[in-house]
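Below: one structure, written as structure tokens.
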Amino acid sequence: MTSRDHHQHCQFIPPYLIERIQPPELVARDRALRAARAAGPRPAPMPAVGAAAWVVHTSHNTSALPGDVVRSAGDPESGDAAVDEAAYGITGSLALYAEVYGRSSYDGKGAGVSLSVHYEQGYDNAYWDGTQLVFGDGDGEIFGRFTMPVDVLGHEFTHAVTEHSAGLTYHGQSGALNESLSDVFGSCLKQRLLGQRVEEADWLIGQGLFLPGVQARALRDMAHPGTAYDDPRLGKDPQVGHMDDYVDTADDNGGVHTNSGIPNRAFQLAATAVGGTSWDGAGRIWYAALTGGQVGPDTDFAAFAAATVAAAGEHADVVSHAWESVGVGGSIPSGASPAQSSNSTTVAVRRTGGFAGLSSEGAVDLDGDDDRAEELRLLVTRVDVASVPGGSAGADRFVYDFDLCGDRCRVPEQHLTADLRRIAELILR
């Protein structure tokens, strides 16, 4: 999968809302635009813009990108509300990542940031296209300017950060994590600019985006997923906040905007339990998990939960509890809390059964110099032993016994997950 696959559909408004509120000709246009982004060539990344950290352009309500330069870092306000809101949001986003997390721009290398506002006419969306941030003005009936809520800009900027760090695939659970991380750091940005502690925050995403008359508090509610809006034109907020309600669908890249409510709720619970401010408390933990090397393109909820617990230090217990509260297995992985888990660093596999009745076994010490250790470390963090199915192997089928740094399970071959199968391949090769 190319890097373009990770970012091609990172839009702020879910397609299911666009198709509900837009007239047919605009729905067709939006579908065509998404398809063009998926199939079209990816422009070269924007180079650093001299001494400027960012540049805001206007598309003059056309589809031209990036458009004409209106304001750069260090310039005074332009008087154009969308331009100045974008400038405020990108300045705050860059400061959040630099001053709190030590990251220079979205790529960690100081890349200049290009932003375009006034994109098309009545455009109900905002997105990161792999090279720049793009914002519509809204349709003037349901949505206003997408630059107005600062967390929208923080959300889109974080898609760029995610693309240049873990590269989470934008589909299914990894896609929902991609969406959730953008909400997490968009919310951290909003709270930081408002000077709020966690108990003062409203945990709303996109507050102020809807125009008067729309029955909505915001686009999403991290504390109470599924309650942000209930409007005759929009329908009811479909987000879910617990794995019991996980939506398995082919729509919206596997329900990335719907199921992101689950990790969103986990972060809100963790941030509240850790206390202080979201960006300096739980935000540091989530950022360390995202960029620490344990999270990759196909990471699911359980593996990301494990990565946050591993990064949580003295807060490991409350972070683990936050994930468990939303039905995700976020138990403390081996080594994170010696009092609760084994100190073993060995991954071992034994295979028995089969037509010939032969056995095969092997082991790798993850702290050794074996060339398989790095991949095995990532795989082990993604396996939730408690959720692995057991049962009968059936005639002439293999049975695998796994010891994953002290966590053990027995799995018939037909129930091997992709991660367990790969672990077996590496150990028994």
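Any residue that is in a loop (DSSP other than H, G, I, E, B) and surrounded by 24 or more Cβ atoms within 10 Å (Cβ to Cβ) - is there at least one of those in region 172-183?
The answer is no, given that none of the residues of region 172-183 is in a loop (DSSP other than H, G, I, E, B) and surrounded by 24 or more Cβ atoms within 10 Å (Cβ to Cβ).
Within region 220-257, which residues are in a loop (DSSP other than H, G, I, E, B), within 23 Å of Gly329 (Cβ to Cβ) and touching a helix residue (DSSP H, G or I) at 6+ places or on another chain (Cβ under 7 Å)?
Met222, Ala223, Pro225, Gly226, Gln239, Val240, Gly241, His242, Tyr246, Val247, Thr249
Could you list, ordered by first residue, the pairs with Cβ atoms under 7 Å in which the first is in region 153-167 and not assigned by TED's automatic domain parsing to the domain that holds Ser180 and the second is assigned to a helix (DSSP H, G or I), at least 6 apart or interchain?
none
Here is a check on your reading of the model: is Ser337 touching a Gly at 6+ places or on another chain (Cβ under 7 Å), surrounded by 15 or more Cβ atoms within 10 Å (Cβ to Cβ), assigned to a loop (DSSP other than H, G, I, E, B) and modelled with pLDDT under 90?
no
Considering only residues that are surrounded by fewer than 24 Cβ atoms within 10 Å (Cβ to Cβ), touching a residue at least 60 places away in the same chain (Cβ under 8 Å) and not basic (Lys, Arg), which ones fall in region 220-245?
If the condition is that a residue be surrounded by fewer than 24 Cβ atoms within 10 Å (Cβ to Cβ), touching a residue at least 60 places away in the same chain (Cβ under 8 Å) and not basic (Lys, Arg), then Leu234, Gly235, Pro238, His242, Met243, Asp244 are the ones that fit.
Pick from Ala86, Ala73, Ala82: which is in contact with a strand residue (DSSP E or B) (Cβ under 8 Å, 6 or more places away or on another chain), touching a residue at least 60 places away in the same chain (Cβ under 8 Å), farther than 29 Å from Thr169 by Cβ and of a type in the set (Gly, Ala, Ser)?
The conditions single out Ala82.
Got a number for residues in region 107-135 being part of a loop (DSSP other than H, G, I, E, B), more than 14 Å from Thr91 (Cα to Cα) and under 22 Å from the mean Cα position of the chain (by Cα)?
9
The values are calculated or read from the model by the stated rules, or taken from the named source; none is laboratory data. Every value quoted in this text rests on a predicted model; they were computed, and no experiment measured them. All Cβ positions, even for glycine, are placed from backbone atoms using ideal geometry, and neighbour counts span all protein chains on display.
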